[in-house]
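Single-structure report; data block below.
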Amino acid sequence: MKEAMNLKTTALLLIDLQNDFIHPDGAYARGGAVSAEAAALPAKLKPLVEAVRAKGGVVGGTLFTLVPGRDGEPMISPHLKKLRPFLRKGDFLPGSRGQQMVDDLQPLDFTVEKLAYSAFYMTRLEWLLRKFGIDELIVGGIVTNGGVASTVRDAHVRDIEVTVLEDGCAAPTPTLHAAAIEGLRPVAAIKTIAEVMSRIG
């Protein structure tokens, strides 16, 4: 990693910090699936978001999306339906409030709808990063062992340098979070929010 972060070529990427995942009125809250660690992330990340914006940096977000079928019912992967049987029509619907990034982290310079764990899978993310001139990412969000890990690994194979915010990510349990962070050390720099704040000034 470079000693000083160049925000002309670095973007903060927020993974899936959406109303349906973490807001008290969202789909996951309805299903009792919101962890306290995930719900605490927007407040922890907001100072970094504001600092990146103040320095002219790019802040983007990924939006997990359930595409509706012809009958309006969401097309849900079997593994997700098994894990989250409470998901229903209208959850993570494109353009809905539930699908959007939580208010505390708005506005964003770009968003990418994603259909699976990795934000690079069948999305325009790589194209956007190239257009913005980005070759380094700071990544935070949910879940550490899912969307975060998959996106970070896909960035790595694309020669995009990544810093993962150890205290800016969350998983269903602290144990899963810790294991995922350890697994990412070979492909990313692991830093705290405070450490990254100090690098951008």
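Nothing in this text is a laboratory measurement; each read-out follows from the coordinates by a stated rule. Since this is a predicted model, take the numbers as computed values, not measurements. Here Cβ is always computed from backbone atoms with ideal geometry, including for glycine, and neighbour counts include all displayed protein chains.
Quick notes on this structure:
- Here the Debye sum runs over all C-alpha atoms of the chain as equal scatterers in vacuum, and log10 of I(q)/I(0) at q = 0.13, 0.15, 0.16, 0.17 Å⁻¹ comes out as -0.65, -0.87, -1.00, -1.13.
- Pairs of lysine residues in the chain that meet both criteria, 8 or more places apart or on different chains and Cα atoms under 26 Å apart, total 26.
- Distance (nanometres) between label positions extended 7 Å along Cα→Cβ at R84 and A4: 4.2
- Amide H partners (placed H, <5 Å) of A119, local residues excluded: T151
- Ordering G56, V152, M197 by Cα displacement along the dipole of the range 10-200 toward the positive end leaves V152 in first place; charges were set at the Cβ atoms of Lys, Arg (+1) and Asp, Glu (-1).
- Rounded to the nearest 20, the Cβ-based charge dipole of the chain about its Cα centre (Lys and Arg +1, Asp and Glu -1) stands at 320 debye.
- Taking 7 Å steps out from each Cα toward its Cβ at D71 and D109 produces label points 4.4 nm apart.
- Here the range 143-159 is scanned for amide nitrogen atoms under 13 Å from the site 7 Å beyond the Cα of D135 along Cα-to-Cβ, giving 159.
- Peptides 164-173, 135-144, 92-101, ordered by how many other C-beta atoms sit within 10 Å of their residues on average, highest first, read 135-144, 164-173, 92-101.
- Proximity of backbone amide H atoms, modeled 1.01 Å from N, is registered between F92 and Q99 at under 5 Å, excluding neighbours fewer than 5 places apart on the same chain.
- If R0 is taken as 22 Å, the Cβ-Cβ distance between H156 and E195 corresponds to a FRET efficiency of 0.65.
- Amide H partners (placed H, <5 Å) of T111, local residues excluded: G61
- Sparsely packed trypsin sites (Lys or Arg not before Pro) within the range 110-162, loop by DSSP, other Cβ within 10 Å at most 14: R124, R158
- Neighbourhood net charge (14 Å Cβ-Cβ; Lys/Arg +1, Asp/Glu -1) for A180: -2
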